[in-house]
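**Q** Provided herewith is a single structure, encoded as structure tokens, for subsequent inquiry.
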Amino acid sequence: MVLHRYLLSTLLAFVVHAQPYPNPYRMVDGWARLPEGRKMGAVGGVTIDPDQKHVWAIMRCDAGPERFGNECLDSGLDPVLKFDMTGKVVRSFGGGMFIWPHGIHADRQGNIWVTDAVSSQRTPKGVRGHQVVKFSAEGKVLMRLGTPGVAGSGADHLNAPSDVTTLPNGEILVADGHNPDGNNRVARFSADGKFINSWGGTGHAPGEFRSLHAIALDSRGRVFIADRGNNRIQIFDAAGKHLATWTQFGKPSGIFFDANDRIYVADSESDEVENPGWEVGIRIGSARSGWVDTFVRFPWADPRLTRGFGAEFVAVDRDGNLYAGEPFLRVLRKYERIR
């Protein structure tokens with residue numbers, strides 16, 4: 001009897017885990033429309049404006065894939081683009097200011113923050129790179145963090161910062177940085193840009209990182225870090241105390257929260273080597289329980305072939321539609337919620 005119960009429970013567990021998560025989205029082709037004459041570049045971070053009427057995205061100029069990592073080095077094109085909900089560009093800025101623009105954040109006042117995650121060996125020293133820039137919604141530079149073109153680990157330096165977010169009190173948290181062997185820390189600044197402290201370090205233990213790729217806050221003020229190199233999300237309080245580690249969202253590249261505390265996690269890196277048994281796509285669940293209940297599978301996913309393809313960044317509007325930045329395919333893609 002015990003054996004039969006064991007076999008039955010094992011079979012039921014297999015059936016439950018074998019069932020695919022529902023996917024209530026359909027892909028919308030050609031949503032993003034660039035000004036005439038401009039080619040689509042690799043798409044970086046994506047976010048929603050506080051007015052819920054616009055999508056902000058990073059467009060890494062129009063250099064080809066052979067320039068991946070410094071596409072804006074020789075370009076004067078604006079990499080910060082504001083789209084209306086029909087996919088039309090209504091504003092752009094930042095031309096000539098970045099080498100590899102990566103993360104983007106819209107704060108509660110509508111200001112736009114952008115990180116330049118260029119690796120140190122590709123940076124023209126003393127010019128650009130390794131910075132976070134705060135813009136007004138009109139494109140005026142309001143603040144810079146880090147020393148331009150110089151990688152470092154002190155109070156005045158960053159090393160390939162991947163992403164940035166702001167706390168309700170105005171403090172700034174920078175995911176520093178993109179390189180697995182870099183700073184691997186969260187750098188904390190006051191609202192006026194003064195360095196407060198940092199936390200983290202390179203490693204696999206709780207509170208350590210290997211390539212911080214995204215940072216975001218849930219409604220309770222918890223700090224979620226896409227610890228991509230370690231195939232996990234780590235959760236902290238605002239002071240850096242480790243609260244939890246989640247592995248159920250795959251190999252996370254991008255994190256976004258909606259108003260209902262739903263968490264959206266983009267996985268563009270899982271494959272048979274880096275994260276065996278996981279598929280590329282966007283996993284959606286509850287930020288409170290951690291349960292995953294929806295999976296938007298990248299339609300051409302193949303763990304043998306598709307590492308680096310699919311959505312690396314994700315944002316969601318108030319109607320539940322997704323906007324996904326796909327760097328390698330050079331697409332800003334919309335996924336429309338259909339049920």
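FYI, it's all coordinate maths here, none of it is from the lab. Only a predicted model underlies this, so the values are computations on that prediction, with no experimental measurement involved. Neighbour counts run over all protein chains shown; Cβ positions are idealised from the backbone, glycine included.
**Q** Can you tell me which of 146, 96, 44 moves the most in a GNM of the chain? Springs connect C-alpha atoms under 10 Å apart.
**A** In the Gaussian network model the winner is 96.
**Q** Could you tell me whether the range 52-189 comes out rounded, prolate or oblate from its Cα gyration tensor? Rule is a ≥ b ≥ c as square roots of the eigenvalues, rounded for a/c under 1.5, then prolate if a/b exceeds b/c, otherwise oblate. Display every interim value, and only then the final one.
**A** Values: a/c = 1.89, a/b = 1.16, b/c = 1.63.
Oblate is the answer for the range 52-189, as a/c is 1.5 or above yet b/c matches or exceeds a/b.
**Q** Provide the packing ranking of 332-338, 78-84, i.e. peptides ordered by the mean count of other C-beta atoms within 10 Å per residue, highest first. Walk me through the numbers before you get to the answer.
**A** Values: 332-338: 18.3, 78-84: 22.3.
So the peptides 332-338, 78-84, ranked by packing, come out 78-84, 332-338.
**Q** Can you compute the FRET efficiency between residue 195 and residue 38 using 1/(1 + (r/R0)^6), with r the Cβ-Cβ distance and R0 = 41 Å? Round to the nearest 0.05. Don't jump to the answer; show the numbers that get you there.
**A** Numbers: r = 37 Å, r/R0 = 0.91.
Computed FRET efficiency for residue 195 and residue 38 comes out at 0.65.
**Q** Now for a different question. Stretched out fully, how many nm does the piece from residue 247 to residue 51 gain, at 0.36 nm a residue minus the Cα gap?
**A** Numbers: separation 196, 0.36 × 196 = 70.56 nm, distance 3.26 nm.
Stretched out fully, the residue 247 to residue 51 stretch lengthens by 67.3 nm.
**Q** To continue, here is another question. Can you tell which of 295, 68, 249 shows the greatest fluctuation in a Gaussian network model of the chain with Cα springs below 10 Å?
**A** Of 295, 68, 249, the Gaussian network model singles out 68 as fluctuating most.
**Q** Structure shown: which of 39/134; 53/194; 53/134 lie over 30 Å apart, alpha-carbon to alpha-carbon?
**A** Values: 39/134 26 Å; 53/194 32 Å; 53/134 21 Å.
Among 39/134; 53/194; 53/134, the Cα-Cα distance tops 30 Å for 53/194.
**Q** Return the distance in nm (one decimal) between the two label points of a simple spin-label model at residue 220 and residue 208, each offset 7 Å from Cα along Cα→Cβ.
**A** Between residue 220 and residue 208, the label points sit 2.7 nm apart.
**Q** Between residue 109 and residue 319, take the C-beta separation as r, use R0 = 30 Å, and let me know the FRET efficiency to the nearest 0.05.
**A** Working: r = 23 Å, r/R0 = 0.78.
The formula returns an efficiency of 0.80 here.
**Q** Give the lysines whose C-alpha is closer than 27 Å to that of residue 251, dropping any in the same chain fewer than 8 places away, or say none.
**A** Within the straight-line limit of under 27 Å, residue 251 reaches these lysines: 241, 334.
**Q** What ranking of 264, 25, 323 emerges when the number of other C-beta atoms within 10 Å of each C-beta is taken as an exposure proxy, fewest first?
**A** Working: 264 25, 25 20, 323 28.
Exposure proxy ranking, most exposed first: 25, 264, 323.
**Q** Could you calculate the contour length gain from residue 88 to residue 138, that is, 0.36 nm times the residue separation minus the distance between their Cα atoms, to one decimal place in nm?
**A** Extending this stretch completely gives an extra 16.3 nm.
**Q** Long-range amide H contacts for residue 232: which residues qualify at under 5 Å (H placed 1.01 Å from N, peptide plane, sequence gap of 5 or more or a different chain)?
**A** Those qualifying (amide H under 5 Å, at least 5 residues apart or on another chain) are 227.
**Q** Considering only 73, 158, 243, give the residue with the highest GNM mean-square fluctuation for the chain, with springs between Cα atoms whenever their separation is below 10 Å.
**A** Highest fluctuation of the listed residues: 243.
**Q** Please say if the range 138-212 is rounded, prolate or oblate, where rounded means a/c under 1.5 for a ≥ b ≥ c the square roots of the C-alpha gyration tensor eigenvalues, and otherwise the choice is prolate for a/b larger than b/c and oblate otherwise? Walk me through the intermediate numbers first.
**A** Details: a/c = 1.98, a/b = 1.49, b/c = 1.33.
It comes out prolate by the Cα gyration axes.
**Q** Thinking of the chain as a set of Cα atoms, what percent of all their pairs are more than 39 Å apart?
**A** Working: 5587 of 57291 pairs.
Roughly 10 percent, rounded to a whole number.
**Q** Right, another one. Can you put 270, 219 in order, fewest other beta carbons within 10 Å first? The partial results should precede the final answer.
**A** Working: 270 25, 219 12.
The most exposed by this proxy come first: 219, 270.
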